[in-house]
1. Conditions first: (1) crowded, with 17+ Cβ neighbours inside 10 Å; (2) at pLDDT 95 or above. Glu146 passes all but one, so which condition is the exception?
2. Of the numbered conditions (1) in contact with a helix residue (DSSP H, G or I) (Cβ under 8 Å, 6 or more places away or on another chain); (2) farther than 13 Å from Leu47 by Cα, Ile113 satisfies every one except a single condition; which is it?
3. Being small (Gly, Ala, Ser), farther than 23 Å from Ser171 by Cα, in a loop (DSSP other than H, G, I, E, B) and touching a residue at least 12 places away in the same chain (Cβ under 8 Å): is that true of Ala49 here?
4. I need every pair where a residue in segment 155-177 that is free of Cβ contacts under 8 Å to residues at least 60 places away in the same chain has its Cβ under 8 Å from the Cβ of a residue that is among the basic types (Lys, Arg) and surrounded by 14 or more Cβ atoms within 10 Å (Cβ to Cβ), sequence separation at least 6 or different chains.
5. Looking at segment 101-139 only, could you name the residues that are closer than 13 Å to Pro177 by Cα and either surrounded by fewer than 18 Cβ atoms within 10 Å (Cβ to Cβ) or of a type in the set (S, T, N, Q) (or both)?
6. Looking for something of a type in the set (A, V, I, L, M, F, W, C), in a strand (DSSP E or B) and within 25 Å of Ala42 (Cβ to Cβ) - is there at least one such residue anywhere in segment 117-132?
7. What residue, among those in segment 69-84 that are hydrophobic (A, V, I, L, M, F, W, C) and crowded, with 16+ Cβ neighbours inside 10 Å, is farthest from Thr15 (Cα to Cα)?
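The values are calculated or read from the model by the stated rules, or taken from the named source; none is laboratory data. Since the structure is predicted, the reported quantities are computational estimates derived from the model, not experimental observations. For neighbour counting, all protein chains shown are included, and Cβ atoms are generated from backbone atoms with ideal geometry for every residue, glycine included.
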Amino acid sequence: MRIITGKYRGSNLFTVDGKTTRPTTDYNRELIFSVYSEYEEALVLDLFAGTGAFGLEALSRGAKYVDFVEFSSKAIGILLQNISKLKCSDMCHIHRRRVEHFLRDCDKKYDVIFLDPPYLKDLVNPVLDQIFTANLLSDDGLIIVEHSPKEPIAQKYRAFITKEKPAKVTSFTILVP
């Protein structure tokens with residue numbers, strides 16, 4: 001897994017051993033970042049951050065700051081290694097919390113929110129509910145969701161979908177309220 005473009009272009013990222021995380025492939029990240037590429041000065045929230053690939057790619061492309069939210073100690077260890085390798089600790093913060101607790105207490109507004117929960121755990125729509133209820137998006141903000149096609153975006157959010165990339169294993173949906 002590597003950073004695709006920007007100031008950290010070509011940097012290989014550390015990954016978590018085993019099957020406790022599901023890293024987004026380079027191909028899928030290229031797909032997402034080709035659909036939306038405006039990260040200059042953005043405040044980014046990377047939920048279920050894992051290795052931090054989404055947020056670190058956003059930093060590479062000019063994002064101002066990234067808040068990473070992850071609960072797994074193994075994933076946080078790898079995320080710390082990746083941040084150290086890229087020397088970007090002054091541009092991000094790791095919150096070791098469950099996503100639902102972080103969102104409940106969050107009072108920031110974000111330009112981009114990445115949402116990549118574990119598949120088939122019924123997390124996508126409850127997390128979207130929390131994001132919208134807490135009004136965590138800036139006026140021009142958007143949400144990028146990586147999810148299983150077996151966990152579709154709820155009907156109440158369908159009107160906010162601007163792009164969808166369905167597939168057999170991994171689907172991507174961009175929502176702009």
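1. Unmet condition: (2).
2. Failing condition for Ile113: (2).
3. no
4. Listed pairs, sorted by first residue: Ser171/Lys165; Thr173/Lys163; Thr173/Lys165.
5. Result: Asp129, Phe132, Thr133, Asn135, Ser138, Asp139.
6. No; the residues of segment 117-132 include none that is of a type in the set (A, V, I, L, M, F, W, C), in a strand (DSSP E or B) and within 25 Å of Ala42 (Cβ to Cβ).
7. Looking at the filtered set, the residue picked out is Val69.
Conditions tested, residue by residue: (1) exposed (fewer than 15 other Cβ atoms within 10 Å of the Cβ); (2) over 22 Å from Tyr110 (Cα atoms); (3) at pLDDT below 95.
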site	(1), (2), (3)
Gly18	yes, yes, yes
Thr21	no, yes, yes
Tyr27	yes, yes, yes
Phe33	no, no, yes
Leu43	no, no, no
Phe48	no, no, no
Gly62	yes, no, no
Asp67	no, no, no
Leu86	no, yes, no
